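The values are calculated or read from the model by the stated rules, or taken from the named source; none is laboratory data. Keep in mind that what you see is a predicted model, and the values were worked out from it rather than measured. Positions of Cβ are backbone-derived with ideal geometry, glycine not excepted, and every protein chain shown enters the neighbour counts.
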Amino acid sequence: MKLALHWKILIGLVLGLAFGYFMKTIDAKDFVTDWIKPFGTVFINLLKMIAVPLIVVSLITGLADLKDISKLSKLGSRTVVLYLFTTFLAVSTGLVLANIVNPGKFINAESRQSLLENFAGDASKKIELAVNQKSKGPLQPLLDIVPDNIFGALSNNGSMLQVILFVILIGIGLILIDPEKAKPVTDFFKGFNDVILKIIDLIMLIAPIGVFSLMSALMVEIPDFSVLQALLIYAFTVVIGLLLMTYGVYPTLLKVLAKYPVKKFFSAMAPAQILAFSTSSSAATLPVTMERVIEHVGVEEEVASFVLPLGATVNMDGTSLYQAVAAIFIAQAFSMDLTFSQQVMIILTATLASIGTAAVPSAGMVTLVIILGQAGIPEAGLALIFAIDRPLDMLRTVTNITSDATVATIVASSVGKLNKPEPHEWDENLKK
Ligand code: ASP
């Protein structure tokens, strides 16, 4: 019997956690760090390596296929509206939940003190990063989008928006010039695109091994359970919120706005979700998210190649929800009561902060510092949530990429670029 890819990756994940746990109990952490972890790093590097070429070729191919600039602006405006809408829903969900559960009231003075002491050093490093990010002026994000050297941007995985801008210009150029002259260029990129998609298939063959190594390394690195215990109610609040978004809000949006079979959507997306969980990085997961959305969900490439890279960079629902809960948690832990207007401010800053969050592990924590600062909550409170951040990061990254895929599906359906599967095709598709 041939196992579906997501089962293989899931088995790698469970075995990795068990192996890591075992190695921790026999005190063989160094073995995992020296001999197992590098395979996980190789796997993530392969994904990151293919991400920029994928964005470039698929976006050029996709835009050239649009053949019309007005279609691009329609696509762009719908995408932006939906991204803002889902982020708003996510922050609001986080705020409502945090106000119902009041997670900060469950933490006693003793655990608060010990967390603050133990993680003050780690927290101050993040605060420093945030200060650097903030010190560049309010319009810096705008300046950051426009590269002064395209090769500089292409060689930096953190410059995804700059690459997208440049490629959109190439796409527009291709639409505007004589079709005869555009054809050889588009044909070249179309062929190249198939090659890149094939490489992603090849990389995914080793995904179970990559995920195994990542999980065993994680297991030996995270703090002991006794440290995490004080944070369980807080973690629970974040997890409930993420589950509500991932399995409540997105399926509803998919059903209502795209009439898409929800079960099919989740089976198609499972490998990307498990990968997001294992890597904690929307950027590293992007190649797989794109491959799943195009080849398994049925979104045409011209939509997916535009909506998904943009979403990986700016649409982070899971992150914004977590930031809202974390801000309230820290405020409550310091016995501060936030007024209604302070909470409305959090909606605004968390939306902006999540847009500015890089799609890499624990980046959401850095931009959380800005939210805390705006709301007058002590930034040192970051130390309180540090210990449990990694597992929550893994989960919020799953929500982040699921939201991107949901929006891509809805936008595609609204412009007639979604190939919904016939019911009898589902089972065949799912086996791949
Ligand atoms: N790890 C998240 C992502 O890549 C960002 C964050 O919330 O830290 O989507």
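Looking at the stretch 66-124, which of the residues that are part of a helix (DSSP H, G or I) and of a type in the set (D, E, K, R) is farthest from the chain's Cα centre (by Cα)?
Glu110
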Among the residues of the stretch 248-259, is there at least one that is surrounded by fewer than 14 Cβ atoms within 10 Å (Cβ to Cβ), at pLDDT 95 or above and of a type in the set (Lys, Arg)?
yes
Out of all the residues in the stretch 332-342, which are crowded, with 18+ Cβ neighbours inside 10 Å and farther than 17 Å from Ala235 by Cβ?
Leu338
Taking the stretch 137-168 only, how many residues are within 23 Å of Val80 (Cα to Cα) and either at pLDDT 95 or above or of a type outside the set (A, V, I, L, M) (or both)?
10
Which condition number does Pro147 fail, the rest of (1) in a helix (DSSP H, G or I); (2) touching a helix residue (DSSP H, G or I) at 6+ places or on another chain (Cβ under 6 Å) being met?
(1)
List the pairs whose first member sits in the stretch 272-284 and is within 12 Å of Ser403 (Cβ to Cβ), whose second member is within 11 Å of the ligand (Cβ to nearest atom) and not in a helix (DSSP H, G or I), and whose Cβ atoms are under 7 Å apart, counting only residues at least 6 apart or on separate chains?
Ser282/Ala359
Any residue in the stretch 297-311 that is under 10 Å from the mean Cα position of the chain (by Cα), within 16 Å of the ligand (Cβ to nearest atom) and surrounded by fewer than 24 Cβ atoms within 10 Å (Cβ to Cβ)?
no
Report, by residue number, each residue of the stretch 244-264 that is touching a Ser or Thr at 6+ places or on another chain (Cβ under 7 Å) and within 27 Å of Pro391 (Cβ to Cβ).
Leu244, Met245, Thr246, Tyr250, Leu253, Leu254
Quick test of your reading of the structure: Gln323 fulfils all but one of (1) touching a residue at least 40 places away in the same chain (Cβ under 8 Å); (2) away from the ligand (no atom under 14 Å from the Cβ); (3) closer than 21 Å to Leu84 by Cα. Name the failing condition by number.
(2)
When every residue in the stretch 235-284 that is farther than 29 Å from Ile44 by Cα and of a type in the set (Lys, Arg) is compared, the one nearest to the ligand (Cβ to nearest atom) is Lys255
Per the filter on the stretch 86-115, residues among the β-branched types (Val, Ile, Thr), over 17 Å from Arg396 (Cα atoms) and in contact (Cβ under 8 Å) with a residue 24 or more places away in the chain are Val101, Ile107
With respect to Thr339, determine if the residue is among the hydroxyl-bearing types (Ser, Thr, Tyr) and closer than 26 Å to Met215 by Cβ.
no
Only one of Ile127, Ile164 is touching an Asp or Glu at 6+ places or on another chain (Cβ under 7 Å), assigned to a helix (DSSP H, G or I) and among the β-branched types (Val, Ile, Thr), namely Ile127
Go through the residues of the stretch 201-217 one by one and say whether even a single one is at pLDDT below 95, within 19 Å of Val52 (Cβ to Cβ), of a type in the set (Asp, Glu) and touching a helix residue (DSSP H, G or I) at 6+ places or on another chain (Cβ under 8 Å).
yes
Going through the stretch 174-205 in order, the residues found to be within 18 Å of Glu302 (Cα to Cα), in contact (Cβ under 8 Å) with a residue 12 or more places away in the chain and charged (D, E, K, R) are Lys190
Those residues of the stretch 377-414 that are within 20 Å of Ser124 (Cβ to Cβ), at pLDDT below 95, within 16 Å of the ligand (Cβ to nearest atom) and in a helix (DSSP H, G or I) come to a total of 5
Of (1) assigned to a helix (DSSP H, G or I); (2) within 14 Å of the chain's Cα centre (by Cα), Val369 fails just (2)
